[in-house]
Amino acid sequence: MHAIIEYIPLILFFAVFKLVDIYWATALLMLTTLIQVAYCYFKDGKVPTRHWVFFAIAVVLGTLTLVFHDEQFVKWKATIVYAILSATLLVSRYVLGKNLVKKALSSILENVSESKQEIKVPEALWNKLNLFWVAVTGGISALNIYIAYNFSLDFWVNFKVFGLMGITFVCVLATIITLFKYLPEDDEEKDSKQS
């Protein structure tokens, strides 16, 4: 459910772009991002930092797009968001000594594991995964702006919605496959191996 809510602004942006134009889609993106922030606040009593960052970028670039009637500003949103993610992963790991990929995925893995055992993944693998996501988010950032300036607006919108989701899905799947062997076996698997 949470993942669907994350993608609602993007889906509505795509639909309104196809039905009306980029400017109405941009205005709706700003509005739905605000609604997302409000939803988080009323549901949890706080808003995650990433939602504030996405909202601020959407408002600034969306406002510039609408005021100057120039879609170039809204095209920069994904590039800026992914560049910030890439830089955050890099700086947090090598300057602050915190691996954000490990922090995010450890809690998810422990919640997925039925046995609630501690999941032991080698630190070197966490570092590789962190660098993998630095490269992925940095690559997406560069690819978005390349497509924005070298292809049609329609092609860019399709890439933004389907291409970015596809790339992200494949990279999440690769990460899950990499970590899968470190998940503890559940009781049924242990019993079948012993018999």
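The values are calculated or read from the model by the stated rules, or taken from the named source; none is laboratory data. What you see is a predicted model; the values in this text were computed from it and never measured. Note that we place each Cβ from the backbone using ideal geometry, even for glycine, and neighbour counts take in every protein chain shown. These accessible areas exclude ligands, DNA and RNA; they are computed on the full protein's heavy atoms, side chains included. Shrake-Rupley method; radii C 1.70, N 1.55, O 1.52, S 1.80 Å.
Side notes on the structure shown:
- Computed packing ranks the peptides 79-89, 172-182 as 79-89, 172-182, most packed first, by mean other Cβ atoms within 10 Å.
- Shape category assigned to region 30-83 from the gyration tensor of Cα positions, a/c cut at 1.5: oblate
- Accessible-area value, residue 44, 1.4 Å probe, nucleic acids and ligands omitted, Å²: 90 Å²
- Within the chain, helix-based [θ] at 222 nm, where runs of 4 or more DSSP H residues each add -39,500 (n - 2.57), nearest 500: -27000 deg cm²/dmol
- Nearest-10 value in Å² for the accessible area of residue 120, using the 1.4 Å probe: 150 Å²
- Taking the chain and dividing mean pair separation by its residue count, relative contact order in percent (alpha carbons under 8 Å, at least six apart): 19 percent
- Overall form of the chain per C-alpha gyration tensor (a/c, 1.5; a/b vs b/c): prolate
- Solvent-accessible area of residue 71 with every protein chain in place, 1.4 Å probe, in Å² to the nearest 10: 40 Å²
- For the set 159, 54, 132, solvent exposure ranked by accessible area (probe 1.4 Å, protein chains only) runs largest to smallest as 132, 54, 159.
- Taking 0.36 nm per residue of sequence separation and removing the Cα-Cα distance, the residue 124/residue 46 pair yields an extension gain of 24.7 nm.
- Region 1-94 - percent of accessible surface contributed by carbon and sulfur, probe 1.4 Å: 76 percent
- Normalised per residue, the accessible area of the chain is 60 Å², obtained with a 1.4 Å probe and no contribution from ligands, DNA or RNA.
- In this structure, the residue pairs whose Cα-Cα separation is over 24 Å, taken from 18/46; 46/103; 98/120; 43/75, are 18/46; 43/75.
- In order along region 61-71, the phi-based Karplus estimate (6.51 cos²θ - 1.76 cosθ + 1.60, θ = phi - 60°) of 3J(HN,Hα) comes to 6, x, 4, 4, 4, 6, 5, 8, 6, 9, 6 Hz; Gly and Pro are listed as x.
- Taking a ≥ b ≥ c as the square roots of the eigenvalues of the alpha carbon gyration tensor, region 1-98 is oblate, as a/c is not under 1.5 and a/b does not beat b/c.
- Note on residue 11 and residue 174: the model spin-label points, each 7 Å out from Cα along the C-beta direction, lie 2.7 nm apart.
- Between residue 107 and residue 146, the modelled label-to-label distance comes to 3.5 nm, taking each label 7 Å out from Cα in the direction of the beta carbon.
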